[in-house]
Amino acid sequence: LMIGVTLVAAATVFASTLRSSLKEQTSGQIKTSLVVSVISSAAGVGGGLNPDLEHTIAQVPGVTLVSPMRTSIGEQAGSLISVSGVNADTASRAFDPGVSTGSLDSLAREGTVAVSQGTATANGLRVGSSVRLQLSQKTLSLEVVAVYEHNQVMGNWVVGNGVFDSIVSGRPLDSLILVNTAPGSTAGAERAISGLLADDPTAKVQTAAAYAKSQGDQVNTLLYVMYGLLGFSVLVALIGIVNTLILSIFERTREIGLL
């Protein structure tokens, strides 16, 4: 029982810290006021946002910047990786992953890639290095043009959207669209964008703060599962305690009677 209570307390503290950390890091990496995203259940089965939506949102009154991001699965050195695609012309104004060397603007050049610091260290990469990635059954030789610190939003590998357009068959779907608005226009732009998304039940628009909170709240699912398992162990412990007390009486009926 003591161990179970201790684990519940430890899990709660850990989850609370992780949730707060994810929220702060996500909000710190998004420089826009609104975020259009796809619900996680739809994204998990390949869902996304129509690429035409980017241009439609750009026409909404009060919108000053629209920057889409795409995501696909690739392979590097025999390991599966997640590769993000961004608009190189707007990425540096929409995202702030903490670029330590190089620039996201350089992704506008063909054959370039940006990597997170952890990935660069693990693979011995730096700005100017060459790396081979397999994306959509095509092997690409890319030059590293930027190394950044934080990977919570953009992931570990980032290329320009032009790479996706050139090698992915069909029309690649956007997984995220960052939208910036003029001062005082955020609420009106949010309502207008919500109207544009009315026919798409998998898409939603949120303020950057609400989106960051939703990312942190994903920890709750893991926490609830842990609560369930630990709660079951505490229940078993309580049953064990009650059983021990009952046996201590039934096994000493003569002693109790004598007393």
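The values are calculated or read from the model by the stated rules, or taken from the named source; none is laboratory data. A quick note: this is a predicted structure, and the numbers were derived from the prediction, not measured. Reconstructed Cβ throughout: ideal geometry from the backbone, glycine too, with neighbour counts over all protein chains shown. Note: areas computed on protein heavy atoms with side chains; ligands, DNA, RNA excluded. Shrake-Rupley method; radii C 1.70, N 1.55, O 1.52, S 1.80 Å.
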## Note on the structure
When (1) touching a residue at least 24 places away in the same chain (Cβ under 8 Å); (2) out of contact with any strand residue (DSSP E or B) (no Cβ under 6 Å at 6 or more places or on another chain); (3) closer than 30 Å to A210 by Cα are applied to E110, the one that fails is (3)
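Answer yes or no as to whether S79 is at pLDDT below 90 and either in contact with a Ser or Thr (Cβ under 6 Å, 6 or more places away or on another chain) or farther than 29 Å from T207 by Cβ (or both).
On the way: at pLDDT below 90: yes; either in contact with a Ser or Thr (Cβ under 6 Å, 6 or more places away or on another chain) or farther than 29 Å from T207 by Cβ (or both): yes.
Spelling it out, S79 is indeed at pLDDT below 90 and either in contact with a Ser or Thr (Cβ under 6 Å, 6 or more places away or on another chain) or farther than 29 Å from T207 by Cβ (or both).
What tally of residues in segment 49-64 results from selecting those that are acidic (D, E) and buried (at least 17 other Cβ atoms within 10 Å of the Cβ)?
Residues flagged as acidic (D, E) and buried (at least 17 other Cβ atoms within 10 Å of the Cβ) within segment 49-64 amount to 1.
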### Message
Being surrounded by fewer than 18 Cβ atoms within 10 Å (Cβ to Cβ), among the hydrophobic types (A, V, I, L, M, F, W, C) and not in a strand (DSSP E or B): is that true of A122 here?
### Response
yes
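Any idea which of S67, S72, S84, S106 is in a helix (DSSP H, G or I) and either within 22 Å of the chain's Cα centre (by Cα) or surrounded by fewer than 19 Cβ atoms within 10 Å (Cβ to Cβ) (or both)?
Details: S67 fails: in a helix (DSSP H, G or I); S72 fails: in a helix (DSSP H, G or I); S84 fails: in a helix (DSSP H, G or I).
Within the list S67, S72, S84, S106, the selection yields S106.
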### Query
modelled with pLDDT under 90, within 22 Å of the chain's Cα centre (by Cα) and farther than 29 Å from T56 by Cβ - does that describe any residue in segment 174-187?
no
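Of all the residues that make up segment 87-97, how many are within 14 Å of A146 (Cβ to Cβ) and either open to solvent by 20 Å² or more (accessible area, probe 1.4 Å) or not small (G, A, S) (or both)? Steps first, please.
So in segment 87-97, the residues within 14 Å of A146 (Cβ to Cβ) come out as 88, 91-92, 95-97.
Okay, now just the ones that are also either open to solvent by 20 Å² or more (accessible area, probe 1.4 Å) or not small (G, A, S) (or both), so 92, 95-97.
Residues in segment 87-97 being within 14 Å of A146 (Cβ to Cβ) and either open to solvent by 20 Å² or more (accessible area, probe 1.4 Å) or not small (G, A, S) (or both): 4 in total.
Residue by residue, here is whether (1) among the basic types (K, R); (2) modelled with pLDDT under 85; (3) assigned to a helix (DSSP H, G or I); (4) in contact with a helix residue (DSSP H, G or I) (Cβ under 6 Å, 6 or more places away or on another chain) holds:
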| site | (1), (2), (3), (4) |
| --- | --- |
| R191 | yes, no, yes, no |
| S194 | no, no, yes, no |
| V205 | no, no, no, yes |
| S214 | no, yes, yes, no |
| L229 | no, yes, yes, no |
### Message
Residues that are buried (at least 16 other Cβ atoms within 10 Å of the Cβ), of a type outside the set (V, I, T), over 21 Å from the mean Cα position of the chain (by Cα) and at positive phi: does segment 1-17 have at least one?
### Response
no
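Out of P97, P61, which single residue is in a loop (DSSP other than H, G, I, E, B), touching a Phe, Trp or Tyr at 6+ places or on another chain (Cβ under 9 Å) and touching a residue at least 12 places away in the same chain (Cβ under 8 Å)? Spell out the reasoning first.
Values: P61 fails: touching a Phe, Trp or Tyr at 6+ places or on another chain (Cβ under 9 Å).
The match here is P97.
Which count do you get for residues in segment 125-170 that are of a type in the set (S, T, N, Q), in a loop (DSSP other than H, G, I, E, B) and under 20 Å from the mean Cα position of the chain (by Cα)?
Taking segment 125-170 first, the residues of a type in the set (S, T, N, Q) are 129-130, 134, 136-137, 139, 141, 151-152, 156, 161, 166, 169.
Still in the list and also in a loop (DSSP other than H, G, I, E, B): 129, 136-137, 151-152, 156, 169.
After this cut, where a residue has to be under 20 Å from the mean Cα position of the chain (by Cα) as well, the list is 151-152, 156.
Residues that pass the stated criteria total 3.
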